[in-house]
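Starting off with a structure, shown below.
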Amino acid sequence: MKQKNENNGGTQFIEAVGTHVSWLLPLIIYVNTIAPCVMVGDAGEFTVAAYRFSLPHAPGYPLYMLLLKLWTLLPLNFGPDFFAVKCNLFSVVAMSIMCALFYRLARVLTGSASASLAATILLAFSRTLWKFAVVTEVYGLHLLLIVLVLLGLAIAREGKKSIGLVIAAFAFGLGLAHHHTILVLIPMMFFLWPKHKGFFKKPVPVAGIVAGFILPLAFYFFVPILGSYSPLYSEKGFTMRDFISTVTRQEFRERADWQNPDVQSVGPADTISRSMRYLSKQFGGRDMAIPAVTAPVLDHMKYFLSRFFKWIIPLMCIIGWFFAPPGKRAWGFWAAATACMLIIAVCFFSRGSPLGMPFNYLRSVDEFLLPVNIFMCLGFAWLMAPLGNSLTSRKDVGGTEGQNIIPTEYIPTAIMLLLCVIPFFASRTNSLYSDMTHHTFAQDQARNVLNQTPFNGVLVVSGDESFMYEYLQEVRKIRPDVELLVYPFGIQVGNEVLDPTESLAYYLSTQLNERECVFTFGDSAAAVERLGSSAGLRLDGIAFTLITHEIGEPSFTTGDPDIWRSYQLRNLDPGTLSGLVVDDFEYEVFDRYVNGLRASVAWLDDNGFRPDESRVALAQMADELERKKNQTDYPRGPGH
C-alpha cells in the first residue's frame with residue numbers, strides 16, 4: 001500500500017511539474033526578451049490599429065483586434081512605450097497558453113510526460129515562433145487555435161469524449177475569423193474525426209458542433225466597425241465592396257500593382273528553397289562553436305558538425321512521424337501530410353491565388369510556415385516517448401537505490417527535467433535572433449526624422465515604416481503637426497491614375513502649398529527631378545529635404561564626425577553594434593537605411609561638397625551597417 005501511494009505521489013508530482021513548466025518557463029523567457037517598443041512592419045500596424053480600434057490589412061483579423069483592444073484596456077503600464085509593450089505582452093500570453101495546450105496535446109498522443117515537456121520546450125523556443133511571441137503579431141493566437149483544434153480532436157478520438165468535437169469545431173470557427181491558413185487542417189480533421197456509430201457513450205452534440213463552425217464567423221461583422229475608424233475610409237466610408245475586398249484579401253493585389261516583379265519575383269522553386277532554410281534554422285544549431293582541432297579526420301568532423309548540426313533535430317522530428325505508437329499512427333501520418341500540404345500551399349500562393357493574393361513579391365515565407373513547427377515537435381515527442389517512459393520509470397540512478405540524494409518518488413521528475421535540457425540548449429542560439437530587447441533602431445530612426453521635420457511640414461515615408469511614425473504621432477504625441485504621406489500611392493487625374501513617382505511629383509507641385517517637405521528615402525529624387533531645375537534635395541542629417549533653389553548652394557552641415565550619435569540611434573552606434581542581429585522585421589528598413597546612406601554619400605559627391613569628416617562618418621557608418629546587415633540569414637532576394 002505504501003509503495004502504491006509513493007507511485008501515485010510521484011506520478012501526480014511529475015504531472016504537476018510538466019503542466020506548470022510547459023507554460024511558466026516560456027512565459028518567463030518571453031517576458032525577458034520582449035520588444036520594448038513598437039516594431040516595424042505588421043507589428044507596428046497592429047499596434048496602431050489597436051490604439052485606434054481600426055482595420056489592419058486584410059482579412060481584418062476581427063477576433064484578434066477585438067481581443068487585443070480589450071487587452072489594452074488593462075492597467076498594465078511599463079515604461080514610456082507602455083502601450084506598445086502592452087500589445088507585445090498580448091502575444092507573450094497567447095503563445096504561453098499555446099505552449100500549455102500543446103503539452104496537453106502531446107501528453108495525450110504520446111503518454112509520456114517527459115517527451116511532451118521536451119517537445120513543448122523545443123516548440124516554445126524555436127526561432128521564428130519565439131520571435132513572433134515577443135512582438136505584436138497575430139501568430140500567437142493563430143497557433144493557439146490550431147493546437148486547440150488538434151487537442152479537441154485528441155480528446156474526442158483518444159479520450160472518447162464528444163465534448164472534444166465541440167472544442168475542435170469552435171476553435172476551427174474562431175480560426176476562420178482570424179487567420180485563413182487554418183484551412184490547411186481540413187483534410188486532417190476530416191480523416192481523424194470519429195464517424196462510427198457508438199464511438200461515444202453519450203449522444204454527439206450535433207447542434208454544438210454546427211454552432212462551433214458557424215457562430216464564430218459573426219466576428220466578421222466587426223470589420224465594418226473597424227473600417228469606420230480607419231483613416232483610409234474616413235472620407236468615402238466603408239462600403240460593401242471594401243468589406244468583400246478585405247475579407248477575401250483582394251486588396252493585396254492592388255498593393256502588388258506597385259511592385260516591380262523583376263526585382264522581387266519569388267517562384268515555387270524559391271519558396272521550396274526558403275522552406276528548407278526555414279526548417280534548418282528553427283531548432284538551433286546555427287553558429288555552433290566547435291572547438292579547434294588539428295587532425296585531418298577531426299577537421300572534417302568539425303566541418304560536418306558545423307554545417308549539418310542544424311539538421312539533426314529537424315531530422316529527428318521527421319523520423320518521429322513514423323514512430324508514433326500503433327494506436328496513433330494515423331496522427332503521425334496526418335501530422336506529416338499537413339506539414340507538407342502547408343509548404344505546397346505556400347508554393348501555390350507564390351504563383352498568385354484565386355483569392356487575389358499574389359505572393360510573387362514576398363521576401364520571406366517564415367510566418368506562413370509557423371504551423372509546421374507544431375507538427376515537427378509532435379514528431380519529436382513521438383520519437384522521445386519510448387526513451388522518456390523508460391527512464392522515468394526508474395526508481396534509482398545507476399543502481400544506487402536507497403542511496404539517492406533525491407527522494408525515490410521524485411527521480412522520474414528529475415530525469416524528465418534532465419531530458420528537457422537537450423532541446424533547451426539546442427535552441428539557445430535562437431536568442432540571437434529572437435531576443436528583441438535591443439531592437440530599438442527603427443523607432444529611434446522614426447523619432448529622429450520626425451523631430452528634424454520643419455513645423456507643419458510634410459513627411460513622405462515609404463512602405464510599412466509609416467506605422468512607426470503614426471504610432472509616435474498618435475500614441476506618443478510626438479510632432480502631431482507633421483503631415484504624413486505614405487509612398488507609394490496613386491493619384492487620379494481625370495480618368496488616369498498616375499504611377500507612384502508621377503503621383504508624388506503631382507502632389508509636390510500642386511498640394512504642398514509652400515510647406516517644407518522631408519523624405520526618408522533616396523528614391524524621392526526621381527519625383528523631385530520632374531519638378532524642374534529649380535527644385536532639388538538637401539541632405540539634413542538622416543533625411544532629405546525638398547528645396548526650391550539650385551542644389552549647388554551650400555546646404556549641408558559639414559564637419560560633424562559624430563552625426564549619427566547626435567541622433568541617439570540606440571544599439572546602433574559602433575560601440576553596441578556587435579550586439580544586434582538584423583531580423584526580418586527590420587531588414588527592409590535596415591536595407592533601405594544602408595542604401596540611403598550610400599545615396600547620401602553619392603549625393604554629396606555629385607553636388608560638389610568637399611570630402612570632409614561628415615562624409616567620412618556617413619561612409620563608415622554605411623560600411624558598418626552593411627556588414628551587420630549581411631550577418632543575417634534573412635533572404636535578400638530570389639535565389640538567395
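The values are calculated or read from the model by the stated rules, or taken from the named source; none is laboratory data. Values in this document were obtained by computation on a predicted structure and should not be read as measured data. Using ideal geometry, Cβ is built from the backbone for each residue, glycine included, and neighbour counts are taken over all protein chains shown. These area figures cover heavy atoms from the full protein model, side chains too; ligands, DNA and RNA do not enter into them. Shrake-Rupley method; radii C 1.70, N 1.55, O 1.52, S 1.80 Å.
Suppose all protein chains stay in the model; what accessible area per residue would a 1.4 Å probe give for the stretch 61-183, in Å²?
Solvent-accessible surface per residue comes out at 24 Å².
Then there is this: Ignoring any ligand, DNA or RNA, what whole percent of the accessible area of the stretch 87-213 comes from carbon and sulfur when the probe is 1.4 angstrom?
73 percent
Give me the net charge for the shell around Trp382: Cβ to Cβ below 13 angstrom, other residues only, Lys and Arg +1, Asp and Glu -1.
Here the charged neighbours net out to +3.
Give me a comma-separated list of calculated 3J(HN,Hα) values for the stretch 58-68, in order, Karplus coefficients 6.51, -1.76, 1.60 applied at θ = phi - 60°, integers in Hz, x for any Gly or Pro.
4, x, x, 6, x, 5, 4, 5, 5, 5, 5
Order these peptides, 25-32, 117-124, 184-191, by their mean beta-carbon neighbour count within 10 angstrom, highest first.
117-124, 25-32, 184-191
Write out the trypsin sites (Lys or Arg not before Pro) in the stretch 445-484 meeting two conditions: DSSP loop, and at most 13 other Cβ atoms within 10 Å of their Cβ.
Qualifying residues, ordered by number: Lys477.
How many times 2.2 N^0.38 Å is the alpha carbon radius of gyration of the stretch 3-114?
Dividing the Cα radius of gyration by 2.2 N^0.38 Å gives 1.40.
If you don't mind, another one. Which of the peptides 125-135, 416-426 is most tightly packed, and how do the rest follow, judged by the mean count of other Cβ atoms within 10 Å per residue?
So the order, starting with the most tightly packed, is 125-135, 416-426.
At q = 0.19, 0.25, 0.26 Å⁻¹, what log₁₀ I(q)/I(0) does a Debye calculation on the Cα points of the stretch 144-199 give, no solvent, two decimals?
With no solvent term, the Cα-only Debye profile gives -0.58, -0.93, -0.99.
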